[in-house]
Amino acid sequence: MFNKIRVKFNWFIKTKILYQEMSTKTIRIGLCQLNSRDDKEENFRIGQKLINEAKEQNAKIVFFPEAFDYICDSKLATIEKAEPIDGPLINGYRKLAKDNQLWISLGGFHEQTKDKSRILNSHLMINDQGDIVGHYSKIHLFDVQAGSLNIRESDYTQSGSVILNPIETPFGRIALGICYDLRFVEFARLLTSSATKGAQILTYPSAFTKHTGEAHWEILLRARAIENQCFVIAAAQVGSHSSKRESYGHSMVVDPWGNILLDMGLEYPSIRTIDIDLERIKIIRDKMPIIEHRRLDLYSLISTKNMILPINNKDDEKISWGQLQITAGQIFFRSTLSMALVNRKPVIPGHVLVSPIRCVERFSDLNSEEIHDLFLSTQLIAKKIEEFFQAKSLSIAIQDGEYAGQTVKHVHVHILPRKADDFEDNDTIYHELAHHDKKEKGWREEQEMINEAKVFRKLFYPDQ
């Protein structure tokens, strides 16, 4: 019996030591719970007060709920009070972020559309320098019967059309969602699907109705955390905003095992700070590697649009491409699973290549997600290249195997923008593709390729 007690005690001590050793990625976050009304200035003053409190409590990032700026009685008033992203309200929060050296997540900003006839429900991420580093507009609009309320967000809101890549921050990779997005498991799965580039924190700033919140709020938040083995942070509105609208509250932080670390109940306006340890994600995923266990040969979750990723490599960094070594400076596009690079020996101007990131020699060896991503990337790049070179047609080809003319042992798609009479005989292009890289002359210098890649990058990363 004493041996059993000793074993259990030793196990407890080892577990405690292990957890202490692994808890080196702890961050302090601030979670705000609000009862926004239609007075924008008063709402901002409350937000400013909460940010100051967060700073005093040594928080590094603060999360605000949906509609932190205002909640109005009517759709018309909601549209009239909207501001552009460079308006005084967001500029005020940008200044607060910079002055306090805090990151701020502003979920559910009523962003004015260009024609001012509707709004975008937008989630902004502001860094500690006051820069907007993330801008997501809600893609799932809340058109539902919620108890006695018939709510149609689409009557005054324009839906977003892009799922934003997780944002790299000093506090991990953070994905931006808003309220009703919480109900769509596919949305969360796409954002967390990569073990190395996927979100470590899912955010759902919300104004859940009392009716739907009582039924589903906690269940949904815990489910998203458990399914995706990540933290879920959900700042919320609470209480009655008018005679027509009441929010559920219960702002929450949930860990990757589904434990509720914080529940703010019905308190407002309020900020609570809490420490979260990102190492918990690794511990849980190592013990239960769900991402690795997914049967991508039998099923997959595929987005209809590419998630364009930044190119953070230095230009002279070496990257394996088949049996060759290329430099990162030759790459002008990255998606989740594909990359595009300039050609060392183009057949015609604008002749570029698209490859899977994983080194795969034959087309038949690609998995379904890689094929999907490769073709979406090819379609997007082909369109941009055709427009850039003012071409009227495209030749798109894959040389799959030695006898098809493939010389680089890494699957790649050729994209060539075509113009009238660029070849006397149109079929000549296929001869040129098969023989262009076997000729001694015509190879380009590295700097020429880097310069061209920089030009092409502007087509996909206009802010760089």
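The values are calculated or read from the model by the stated rules, or taken from the named source; none is laboratory data. For clarity, every value in this text was computed on a predicted model and none was experimentally measured. Because the Cβ atoms are built from the backbone with ideal geometry, glycine has one as well, and the counts that use them run over all protein chains shown. SASA here: full protein model, heavy atoms, side chains in, ligands and nucleic acids out. Shrake-Rupley method; radii C 1.70, N 1.55, O 1.52, S 1.80 Å.
Each of Gln145 and Leu261 was given a label point 7 Å from its Cα along the Cα-to-Cβ line. The distance between the two points is 4.0 nm. Among beta bridges identified by DSSP and lying wholly in the chain, the antiparallel ones come to about 75 percent.
Positive contributions from Lys and Arg (+1) and negative ones from Asp and Glu (-1), summed over other residues with Cβ under 12 Å from the Cβ of Glu227, come out at +3.
Taken one residue at a time, the phi angles of the stretch 126-132 give Karplus couplings (6.51, -1.76, 1.60, θ = phi - 60°) of 10, 7, 6, 9, x, 8, 7 Hz. Gly and Pro are set to x. Count charges around Leu190 for me, please; just the other residues with Cβ under 15 Å from its Cβ, Lys/Arg as +1, Asp/Glu as -1. Computed value for this residue: +2. Charge dipole (Cα centre; +1 on Lys/Arg Cβ, -1 on Asp/Glu Cβ; no other charges) of the chain amounts to roughly 1300 debye.
For Gly249, the shell of other residues with beta-carbons less than 10 Å away shows a net charge of -2, using +1 for Lys and Arg and -1 for Asp and Glu. Between Ala236 and Leu34, Ser206, Ser251, the built amide H atoms are under 5 Å apart, and every one of these is 5 or more places off in sequence or on another chain. Semi-axes of the equivalent ellipsoid for the stretch 188-326, computed as √(5λ) from the eigenvalues of its C-alpha gyration tensor and ordered from largest down, come to 36, 17, 16 Å. Enter the angle in degrees (range 0 to 90, nearest 10) between the Cα long axis of helix 446-460 and the first principal axis of the Cα atoms of the chain, meaning the one along which they spread out most. Orientation of helix 446-460: about 40 degrees from the principal axis.
Dividing the helix sum by the residues of the chain, where each DSSP H run of 4 or more adds -39500 (n - 2.57), gives a mean residue ellipticity at 222 nm of -9500 deg cm²/dmol.
Think of the chain as having a plus end and a minus end, set by charges on the Cβ of Lys, Arg, Asp and Glu; of Leu337, Gln390, Pro166, Pro166 sits farthest toward the positive end of this dipole.
Here the accessible area of the chain is 52 percent carbon and sulfur, with a 1.4 angstrom probe and all protein chains present. To the nearest 10 degrees, how steep is helix 40-56 against the longest Cα principal axis of the chain, on a 0 to 90 scale? So the inclination is approximately 90 degrees. Here's the list of lysines a cross-link from Lys441 could span, going by alpha-carbon distance under 19 Å and ignoring same-chain residues fewer than 8 apart: Lys345. Residue ranges 316-327, 135-146 sort as 135-146, 316-327 when ordered by packing (mean number of other C-beta atoms within 10 Å per residue, highest first). Once backbone amide H atoms are built at 1.01 Å from N, Phe109 has Ala67, Ser122, His123, Leu124 as its partners under 5 Å, excluding neighbours fewer than 5 places away on the same chain.
Under 5 Å from the amide H of Ser335 lie the amide H atoms of Leu309, each residue being 5 or more positions distant or on a separate chain, with H modelled from the backbone and absent for Pro and chain starts.
Taking each of Lys318/Lys419; Lys305/Lys419; Lys40/Lys98; Lys138/Lys392; Lys116/Lys383 in turn, the alpha-carbon distance tops 26 angstrom for Lys318/Lys419; Lys305/Lys419; Lys138/Lys392; Lys116/Lys383.
For the chain, the Kirkwood estimate of the hydrodynamic radius, built from every pair of different alpha carbons, is 24.8 Å. With angles folded into 0 to 90 degrees, how steeply does helix 368-388 sit against the dominant principal axis of the chain? Use alpha carbons for both and round to 10. Once rounded, one gets 70 degrees.
Couplings 3J(HN,Hα) of the stretch 190-196, computed from phi: 4, 6, 10, 5, 9, 5, 9 Hz, in residue order, whole Hz [Karplus 6.51 cos²θ - 1.76 cosθ + 1.60, θ = phi - 60°; x for Gly and Pro]. Quick check: Cα centre of the stretch 114-141 to Cα centre of the stretch 248-288, how many Å? If you average the Cα positions of each part, the centres end up 24 Å apart.
Computed from backbone phi, the HN-Hα couplings of the stretch 66-73 come to 4, 6, 4, 7, 5, 9, 10, 6 Hz, rounded to whole numbers (Karplus: 6.51 cos²θ - 1.76 cosθ + 1.60, θ = phi - 60°; Gly and Pro given as x). The radius of gyration of the Cα set in the stretch 93-239, together with its Dmax, comes out at 15.4, 44 angstrom.
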